[in-house]
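Take a look at the structure below.
The values are calculated or read from the model by the stated rules, or taken from the named source; none is laboratory data. These numbers were taken from a predicted model, which means no experiment stands behind them. Because the Cβ atoms are built from the backbone with ideal geometry, glycine has one as well, and the counts that use them run over all protein chains shown. Keep in mind that these areas ignore ligands, DNA and RNA; they rest on the heavy atoms of the full protein, side chains included. Shrake-Rupley method; radii C 1.70, N 1.55, O 1.52, S 1.80 Å.
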Amino acid sequence: MSRNVLIATTSQRVFPGGKASSGVWLSTIARFARVLEKHGYNYTFISPKGGEVLIDKHSLNWIFAKKSDWEYYNNENFREKLRYTLSPQQINAQYYDAIYFAGGYGALEDFPNNQAFHEITKTIYENGGVIAAVAHGVSGLMNIRLNNGKYMVDNKQVTAFSNLEEILAGNRKYVPFSIENELKKRGAIFKKALLPYALFLVSDQQIITGQSPCASGAIAKEIIRKLHNVTDSLKEAQKIHIQDNSKSLRPGC
């Protein structure tokens, strides 16, 4: 049985504040899509404005992009999907089992206060679906309120691109806010890896988050695990799953 997943990508083309070019971070969509395709899942790209989404040129650096990422970058069918992303208004949230917010600094500009994204996410969540995000894409979750008035992340264990990683990247003074701080303000229980830029994933009930782009493929696998057998997922609803490769002193991906 096929499953349907939404991949939310930023429409921004410049870094917050206009510092440099921006876009979606390649590995956060390539590695995620690769796992979904391998397991027969369908995915649809959406963006706040719809239409063409750019790939952040910085994510093409050899430090960040693996061979498999380049295979997707050079795949015409994959790039075609990014040229014609759907807008939120074109989406029927009832059709989807999960939504995943991809990374990229542009997400800080057009994810947090996007009410259309909030409504789609809330519908999927309250239908029992899975909500996932990675790195700066986690900013898309922080302002979503459920029908009971509470923030969706309230009392949930989550992770995101951390304050330390912003400092190490040299971008702390340029970003409009700290995702780590804002999540904590909304009642989230923030977790992070022992080492920065490690593969670190937190899965708490229906919410799956990854600290850095390294977690993108692992997030897709965790979504599949949760959706594969709904009964087992419900039984494990109170369990917290954390994947942390920094414990073995293996930063990066």
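Multiplying the residue separation of residue 228 and residue 80 by 0.36 nm and subtracting their alpha-carbon distance yields 50.4 nm.
Take every Cα pair under 8 Å whose residues are at least 6 apart in sequence, average their separation, divide by the length of the chain, and the relative contact order is 19 percent.
Tally Lys and Arg at +1 and Asp and Glu at -1 over the other residues with C-beta under 15 Å from the C-beta of residue 159: what net charge comes out? List each step's numbers first, then the result.
Working: positive: 156, 184, 186, 191, 192, 247; negative: 165, 166, 180, 182, 204, 222, 244.
Result for the neighbourhood of residue 159: -1.
Backbone phi angles across the stretch 115-124, fed through the Karplus curve with coefficients 6.51, -1.76 and 1.60 (θ = phi - 60°), yield HN-Hα couplings of 5, 5, 4, 4, 5, 4, 5, 4, 4, 4 Hz in residue order; Gly and Pro are listed as x. Carbon and sulfur together cover what percent of the accessible area of the stretch 137-229 at a 1.4 Å probe radius? Accessible surface attributable to carbon and sulfur in the stretch 137-229 totals 50 percent.
Which values, in whole Å and largest first, are the semi-axes of the equivalent ellipsoid of the stretch 87-222 obtained as the square root of 5 times each eigenvalue of the Cα gyration tensor?
Taking √(5λ) for each Cα gyration eigenvalue gives 23, 16, 14 Å.
Amide hydrogen proximity for residue 14: with H placed 1.01 Å from N in the peptide plane, the residues at 5 or more positions away or on another chain lying under 5 Å are 22. Surface composition of the stretch 84-133: carbon plus sulfur atoms contribute 41% of the solvent-accessible area (1.4 Å probe, protein chains only, all chains present).
Tell me the per residue accessible area of the stretch 55-157 using a 1.4 Å probe; a whole number in Å² is fine. Walk me through the intermediate numbers first.
Working: 4780 Å² over 103 residues.
Dividing the accessible area of the stretch 55-157 by its residue count gives 46 Å².
Roughly speaking, what is the stretch gain from residue 14 to residue 127, that is 0.36 nm per residue apart minus the C-alpha to C-alpha distance, in nm to one decimal?
Values: separation 113, 0.36 × 113 = 40.68 nm, distance 3.47 nm.
Contour length minus Cα-Cα distance gives 37.2 nm.
Here the chain yields Rg over Rh of 0.92, to two decimals, using C-alpha coordinates and the Kirkwood radius. According to the Kirkwood relation over distinct C-alpha pairs, the hydrodynamic radius of the stretch 23-124 is 14.3 Å. For residue 164 and residue 92, the difference between the fully extended length at 0.36 nm per residue and the C-alpha to C-alpha distance is 22.1 nm.
Between residue 184 and residue 239, what is the FRET efficiency for a Förster distance of 35 Å, r being their Cβ-Cβ separation, to the nearest 0.05? Before the final figure, lay out the partial values.
On the way: r = 23 Å, r/R0 = 0.65.
FRET efficiency, residue 184 to residue 239: 0.95.
Would you mind estimating how fast the stretch 121-171 diffuses translationally, via Stokes-Einstein at 37 °C and 0.692 mPa s with the Kirkwood radius over Cα pairs, in µm²/s?
On the way: Rh = 12.3 Å.
Answer from the Stokes-Einstein relation: 268 µm²/s.
Using just its DSSP H runs of length 4 or more, each adding -39500 (n - 2.57), the chain gives a mean residue ellipticity at 222 nm of -8500 deg cm²/dmol after division by all residues.
Cβ-Cβ distance of residue 194 and residue 42, R₀ of 30 Å, FRET efficiency by 1/(1 + (r/R0)^6): the value works out to about 0.25.
The H on the amide N of residue 101, modeled in the peptide plane, is under 5 Å from the matching H of 8, 132, 133, 134, each at least 5 residues off or on a different chain.
Over all other residues within a Cβ to Cβ distance under 11 Å of residue 102, the charged ones net out to 0, with Lys and Arg as +1 and Asp and Glu as -1. Here the Karplus curve 6.51 cos²θ - 1.76 cosθ + 1.60, taken at θ = phi - 60°, turns the phi angles of the stretch 153-165 into couplings of 8, 4, 6, 9, 7, 9, 9, 5, 4, 8, 4, 4, 5 Hz, with x standing for Gly and Pro.
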